[in-house]
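*Asks:* Got a structure here, written out as structure tokens. Questions coming.
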């Protein structure tokens with residue numbers, strides 16, 4: 001064979017190999033096969049726990065075609081929808097997963113009544129934008145727009161057709177199908193703080209709830225970050241008419257007369273204040289509370305008050321995985337438990353852990369001023385700091401979106417409710433306190449996974465941040481050596 005022919009053949013083979021590598025790098029083909037790393041834990045027959053980062057399960061992300069560890073939360077939601085026989089009520093802050101939207105459409109077309117409540121800022125169909133409009137967006141909005149485009153673009157050709165929009169945009173699917181949907185402007189206002197719920201009630205007996213929004217980033221991962229596996233979240237499937245009842249009541253308060261009816265929907269502080277409800281279901285005692293509660297009412301009666309009262313029952317240990325932790329009252333109560341020997345560990349999302357209002361700083365014995373060089377008036381750093389506070393090791397693009405605490409490996413606190421003042425006094429939220437060791441075991445394993453390799457304590461990043469703030473605010477040396485800025489300097 002002539003040498004030039006051999007040369008061209010090798011060039012062709014090299015190009016093919018390069019193309020294959022490029023395709024794999026872009027995530028267009030499924031990644032290499034993976035196997036479960038752990039044995040699945042037993043599930044309670046009435047309260048099942050699912051985690052999108054579980055190491056005891058494997059599935060293939062249906063949009064990015066990535067085989068990965070985790071429970072397929074979207075499929076669990078779809079299965080519950082497809083099993084509906086009488087009714088489906090959905091109250092979820094944001095929905096952009098088209099397979100879920102299509103499943104809801106199909107059940108509605110089969111004659112099953114479907115009602116949907118979402119947060120107003122997400123009640124919109126994707127629209128193309130020009131370059132100046134894209135460049136004028138905030139980074140977060142620009143990223144969301146790009147991710148949504150890639151989710152809708154089924155053939156990956158960079159163009160969105162009407163057919164792709166009709167099959168790939170969840171809000172468009174709802175609109176085209178005529179599914180009854182409202183958002184938190186249905187009460188005639190500009191919207192509540194946030195309609196932050198993440199629950200679905202099926203047939204008046206099954207509850208799907210937890211910390212997860214029905215979005216690509218909260219369930220599977222981001223197109224822009226190939227290593228992303230979704231924000232760390234938990235989903236509960238609960239079978240109990242007794243437990244479903246208060247969630248149906250909450251839904252009906254928000255729904256009112258529905259779309260086109262009287263503006264009698266109730267969101268935020270327009271809803272009546274309700275005390276915690278303690279319910280007995282087989283194997284479990286579950287306490288349910290909904291937010292918000294006015295600041296004019298005693299904090300102890302609020303959802304954050306319930307969290308603090310539950311944490312106060314700890315005798316041995318408290319483990320927390322939280323997106324945001326900024327409630328001073330909860331922190332003060334935790335400090336008391338630490339002082340009597342309760343072991344406390346906390347993981348907080350990397351975007352929030354070192355902000356001036358973070359109670360993670362209090363737990364570390366620190367106080368950091370805000371951008372105006374002012375400290376929070378009621379701030380109370382712990383006099384006996386702990387070091388088991390930090391950030392979980394997550395892939396680029398993924399957030400610690402959990403809102404759970406585990407108490408003595410028996411009690412689990414979970415819901416849509418962040419541990420913040422906004423969740424307590426403004427947003428539409430729910431919280432569950434579940435007393436069941438079988439349920440708690442799933443969160444024990446999840447917390448252990450998250451804290452393995454976590455950055456804890458007075459990290460180099462935190463030290464550098466403290467030094468920058470001290471210099472920017474002209475603060476003197478801290479009164480407790482190098483680990484705490486003086487809270488007497490710069491106060492107004």
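The values are calculated or read from the model by the stated rules, or taken from the named source; none is laboratory data. Since the model is a prediction, treat every value here as computed from it, not as a measurement. As a convention, Cβ positions derive from the backbone with ideal geometry for all residues, glycine included, and neighbour counts pool all protein chains shown.
*Asks:* Any idea which of 482, 428 is modelled with pLDDT under 95 and touching a helix residue (DSSP H, G or I) at 6+ places or on another chain (Cβ under 8 Å)?
*Replies:* Details: 428 fails: modelled with pLDDT under 95.
482 is the lone residue from the list that is modelled with pLDDT under 95 and touching a helix residue (DSSP H, G or I) at 6+ places or on another chain (Cβ under 8 Å).
*Asks:* Could you figure out which of (1) within 19 Å of residue 99 (Cβ to Cβ); (2) in contact (Cβ under 8 Å) with a residue 24 or more places away in the chain; (3) assigned to a loop (DSSP other than H, G, I, E, B) isn't true of residue 174?
*Replies:* Of everything listed in (1) within 19 Å of residue 99 (Cβ to Cβ); (2) in contact (Cβ under 8 Å) with a residue 24 or more places away in the chain; (3) assigned to a loop (DSSP other than H, G, I, E, B), residue 174 misses just condition (3).
*Asks:* Right, next: Filter the range 412-437 for residues that are within 19 Å of residue 314 (Cβ to Cβ) and part of a helix (DSSP H, G or I) and give the result.
*Replies:* Across the range 412-437, the qualifying residue is only 437.
*Asks:* Which is at positive phi and buried (at least 23 other Cβ atoms within 10 Å of the Cβ), of 268, 221, 260?
*Replies:* Working: 268 fails: buried (at least 23 other Cβ atoms within 10 Å of the Cβ); 260 fails: buried (at least 23 other Cβ atoms within 10 Å of the Cβ).
None of the other options fit; the residue is 221.
*Asks:* Out of 264, 227, report the one residue that is in a loop (DSSP other than H, G, I, E, B), at pLDDT 95 or above and out of contact with any strand residue (DSSP E or B) (no Cβ under 6 Å at 6 or more places or on another chain). Give the steps one after another, and end with the answer.
*Replies:* Values: 264 fails: at pLDDT 95 or above.
That would be 227, the only listed residue that is in a loop (DSSP other than H, G, I, E, B), at pLDDT 95 or above and out of contact with any strand residue (DSSP E or B) (no Cβ under 6 Å at 6 or more places or on another chain).
*Asks:* Taking the range 250-289 on its own, how many of its residues are out of contact with any helix residue (DSSP H, G or I) (no Cβ under 9 Å at 6 or more places or on another chain) and within 16 Å of residue 238 (Cα to Cα)?
*Replies:* So the answer is 3.
*Asks:* Among the residues of the range 177-191, what is the count of those that are within 17 Å of residue 426 (Cβ to Cβ), part of a loop (DSSP other than H, G, I, E, B) and touching a strand residue (DSSP E or B) at 6+ places or on another chain (Cβ under 6 Å)?
*Replies:* 1
*Asks:* Moving on. Would you mind stating whether residue 315 is assigned to a loop (DSSP other than H, G, I, E, B) and farther than 19 Å from residue 382 by Cα?
*Replies:* On the way: assigned to a loop (DSSP other than H, G, I, E, B): yes; farther than 19 Å from residue 382 by Cα: yes.
So residue 315 fits the description; yes.
*Asks:* Right, next: With respect to residue 305, determine if the residue is part of a helix (DSSP H, G or I), crowded, with 21+ Cβ neighbours inside 10 Å and not assigned by TED's automatic domain parsing to the domain that holds residue 116.
*Replies:* Working: part of a helix (DSSP H, G or I): yes; crowded, with 21+ Cβ neighbours inside 10 Å: yes; not assigned by TED's automatic domain parsing to the domain that holds residue 116: yes.
When the stated conditions are applied, residue 305 passes them.
*Asks:* Do we find that residue 116 is closer than 20 Å to residue 255 by Cβ, outside any loop (DSSP other than H, G, I, E, B) and either touching a strand residue (DSSP E or B) at 6+ places or on another chain (Cβ under 8 Å) or outside the structural domain of residue 199 (by TED's automatic domain parsing) (or both) in this structure?
*Replies:* Working: closer than 20 Å to residue 255 by Cβ: yes; outside any loop (DSSP other than H, G, I, E, B): yes; either touching a strand residue (DSSP E or B) at 6+ places or on another chain (Cβ under 8 Å) or outside the structural domain of residue 199 (by TED's automatic domain parsing) (or both): yes.
When the stated conditions are applied, residue 116 passes them.
*Asks:* Oh, and also: Is it true that some residue in the range 275-287 is assigned to a strand (DSSP E or B), in contact (Cβ under 8 Å) with a residue 60 or more places away in the chain, within 23 Å of the chain's Cα centre (by Cα) and assigned by TED's automatic domain parsing to the domain that holds residue 412? Lay out the reasoning, then the answer.
*Replies:* Step one: filter the range 275-287 for residues assigned to a strand (DSSP E or B), giving 277-281, 284-287.
Within this subset, residues satisfying the condition of being in contact (Cβ under 8 Å) with a residue 60 or more places away in the chain are 281, 284-287.
Right, trim to within 23 Å of the chain's Cα centre (by Cα) and you get 286-287.
Then keep just the ones that are assigned by TED's automatic domain parsing to the domain that holds residue 412; that gives 286-287.
There is at least one residue in the range 275-287 that is assigned to a strand (DSSP E or B), in contact (Cβ under 8 Å) with a residue 60 or more places away in the chain, within 23 Å of the chain's Cα centre (by Cα) and assigned by TED's automatic domain parsing to the domain that holds residue 412.
*Asks:* Among the numbered criteria (1) surrounded by fewer than 21 Cβ atoms within 10 Å (Cβ to Cβ); (2) in a strand (DSSP E or B), which single criterion is violated by residue 200?
*Replies:* (1)
*Asks:* What do you reckon, is residue 460 without any contact (Cβ under 8 Å) to a residue 24 or more places away in the chain and in the same structural domain as residue 362 (by TED's automatic domain parsing)? Before you say what the answer is, go through the steps one by one.
*Replies:* Details: without any contact (Cβ under 8 Å) to a residue 24 or more places away in the chain: yes; in the same structural domain as residue 362 (by TED's automatic domain parsing): yes.
Yes: the conditions hold for residue 460.
*Asks:* Quick test for you: out of 425, 402, pick the one residue that is in contact with a strand residue (DSSP E or B) (Cβ under 6 Å, 6 or more places away or on another chain) and in contact (Cβ under 8 Å) with a residue 24 or more places away in the chain. Spell out the reasoning first.
*Replies:* Values: 425 fails: in contact with a strand residue (DSSP E or B) (Cβ under 6 Å, 6 or more places away or on another chain).
The match here is 402.
*Asks:* Let me ask something else. Being at pLDDT 95 or above and exposed (fewer than 14 other Cβ atoms within 10 Å of the Cβ) is true for just one of 113, 132. Which residue is that? I'd like the intermediate steps shown before the answer.
*Replies:* Details: 132 fails: at pLDDT 95 or above.
Answer to the check: 113.
*Asks:* Does residue 127 qualify as being in the same structural domain as residue 205 (by TED's automatic domain parsing), touching a residue at least 60 places away in the same chain (Cβ under 8 Å), over 30 Å from residue 411 (Cβ atoms) and surrounded by fewer than 14 Cβ atoms within 10 Å (Cβ to Cβ)?
*Replies:* On the way: in the same structural domain as residue 205 (by TED's automatic domain parsing): yes; touching a residue at least 60 places away in the same chain (Cβ under 8 Å): no; over 30 Å from residue 411 (Cβ atoms): yes; surrounded by fewer than 14 Cβ atoms within 10 Å (Cβ to Cβ): yes.
In short, no.
*Asks:* Residues being in contact (Cβ under 8 Å) with a residue 60 or more places away in the chain, assigned to a helix (DSSP H, G or I) and either under 18 Å from residue 203 (Cα atoms) or not assigned by TED's automatic domain parsing to the domain that holds residue 230 (or both): count how many of those fall in the range 73-100. So that I can check it myself, show each step before the final result.
*Replies:* Of the range 73-100, the ones in contact (Cβ under 8 Å) with a residue 60 or more places away in the chain are 73-74, 76-77, 80-81, 83-98, 100.
Retained after the next criterion (residues that are assigned to a helix (DSSP H, G or I)): 73-74, 76-77, 80-81, 98, 100.
Cutting the leftovers down to either under 18 Å from residue 203 (Cα atoms) or not assigned by TED's automatic domain parsing to the domain that holds residue 230 (or both) gives us 76-77, 80-81, 100.
Summing the residues that are in contact (Cβ under 8 Å) with a residue 60 or more places away in the chain, assigned to a helix (DSSP H, G or I) and either under 18 Å from residue 203 (Cα atoms) or not assigned by TED's automatic domain parsing to the domain that holds residue 230 (or both) in the range 73-100 gives 5.
The rows are residues; the columns are (1) modelled with pLDDT of 95 or more; (2) surrounded by fewer than 17 Cβ atoms within 10 Å (Cβ to Cβ); (3) in a loop (DSSP other than H, G, I, E, B).
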residue: 39; (1), (2), (3): yes, yes, yes
residue: 44; (1), (2), (3): yes, no, yes
residue: 50; (1), (2), (3): yes, no, no
residue: 53; (1), (2), (3): yes, no, yes
residue: 56; (1), (2), (3): yes, yes, yes
residue: 65; (1), (2), (3): yes, yes, yes
residue: 71; (1), (2), (3): yes, no, yes
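Yes/no per residue for (1) surrounded by 24 or more Cβ atoms within 10 Å (Cβ to Cβ); (2) farther than 30 Å from residue 190 by Cβ; (3) touching a strand residue (DSSP E or B) at 6+ places or on another chain (Cβ under 7 Å):
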position	(1), (2), (3)
277	no, yes, yes
282	no, yes, no
293	no, no, no
310	no, yes, yes
317	no, yes, yes
335	no, yes, no
347	yes, yes, yes
361	yes, yes, no
